[in-house]
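K.L.:
Have a look at this one before I ask anything.
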Ligand code: PMP
């Protein structure tokens, strides 16, 4: 068995060597600036970027003019939400999002609140789904934007984006989706979900870090969007700054590889994920799945091992990289706002571990993780007086904590 296992693929993925290969020449012999229109170094770089843009657009089935390269999903989310807020402020100042969004959406909304925008944070049910009727009722005359993610980065729950898009189109409201965990992993149909703006990132799809894109549709209506980074007018004036050519080439290649192997990868990872889930649920008692049991990403498993604190468990399986809550969403670890929004009690939130399977995980690794985690949970529970008492008295944890 290898000395370490990486199973935190929602935080980031290793760059696929095939992606690295196509990027390398753009650091050395093809180093030109695509904005240098006067010589061949610039032309070579520009044509490579345009090929990458065409490839991304073809895979996502949008027009290449609708693809804006950014530094990643955080920037894409900022551009989409702030850009729409600024452009449509004369129409209204209400934005609708959801309590379980990534911080790069929630913090942008919080920022806009300081400037007089009203934000509705839709609640979710115990599985992480919004109520579509509540969404519909929340849309008012002043609503300028609905921003709801496709796949949640902690629990993997998939929102019903087709229905959300239908509601937004019916009410004539712009629909943005953070598709960072979905693109490249599951089919995303921008056209049929009536998505106006879509964010995604390179490093979640076996591409490089520091690159992503915002798709800005001009399907029925010409969207107005105010740039958030000015200076030079790159990317159709929506995102100035010299393009990160090697990273853009890598992003396009990464998306192409994901697209080519999506069916096969989805099947393989969901089988491995189910194997882990079944082993934990059958070999251990008081283990709970967090998120939706079926409507979820194929590579996600978020599970609470009651009576075992998440960080303690991670320390005892140090050679296995997993995460508690959502390590990737904040620079400072914070308790998970997602698990809280599901209404989970504190014990369940503090014993939750997120396993994120990826392209390079093998069945051997999965078997190893199953054995190690089960063994660690069992031995840590030996030190838990609450667990021991529960076993002895056959009481549930809440009966023990709130004796009658
Ligand atoms: N949205 C979601 C759902 C994410 O999982 C992440 C990364 N954790 C981001 C946005 C931010 O992406 P990036 O790292 O490219 O800024």
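The values are calculated or read from the model by the stated rules, or taken from the named source; none is laboratory data. Predicted model, so just to flag it, every value in this text is computed and none were measured. Every residue, glycine among them, receives a Cβ derived from its backbone with ideal geometry; neighbour counts consider all protein chains shown.
K.L.:
Which helices (runs of 4 or more DSSP H) sit wholly inside segment 281-372 and have at least 2 residues that are assigned by TED's automatic domain parsing to the domain that holds residue 201, within 18 Å of the chain's Cα centre (by Cα) and touching a residue at least 60 places away in the same chain (Cβ under 8 Å)?
P.N.:
Passing ranges: none, list empty.
K.L.:
Something else: Do we have any residue at all in segment 94-106 that's touching a helix residue (DSSP H, G or I) at 6+ places or on another chain (Cβ under 9 Å), in the same structural domain as residue 173 (by TED's automatic domain parsing), more than 23 Å from residue 338 (Cα to Cα) and surrounded by fewer than 22 Cβ atoms within 10 Å (Cβ to Cβ)?
P.N.:
No, that holds for no residue.
K.L.:
Quick one: which residue in 219, 273, 268 is free of Cβ contacts under 8 Å to residues at least 24 places away in the same chain and surrounded by 15 or more Cβ atoms within 10 Å (Cβ to Cβ)?
P.N.:
Testing whether each residue is free of Cβ contacts under 8 Å to residues at least 24 places away in the same chain and surrounded by 15 or more Cβ atoms within 10 Å (Cβ to Cβ) leaves just 268.
K.L.:
Another one. Keeping to segment 160-203, report how many residues are in contact with a helix residue (DSSP H, G or I) (Cβ under 8 Å, 6 or more places away or on another chain), within 16 Å of the ligand (Cβ to nearest atom) and touching a residue at least 40 places away in the same chain (Cβ under 8 Å).
P.N.:
Qualifying residue count for the region: 15.
K.L.:
Would you check which residues across segment 229-240 are surrounded by 18 or more Cβ atoms within 10 Å (Cβ to Cβ) and assigned to a loop (DSSP other than H, G, I, E, B) and list them?
P.N.:
234, 238, 239, listed by residue number.
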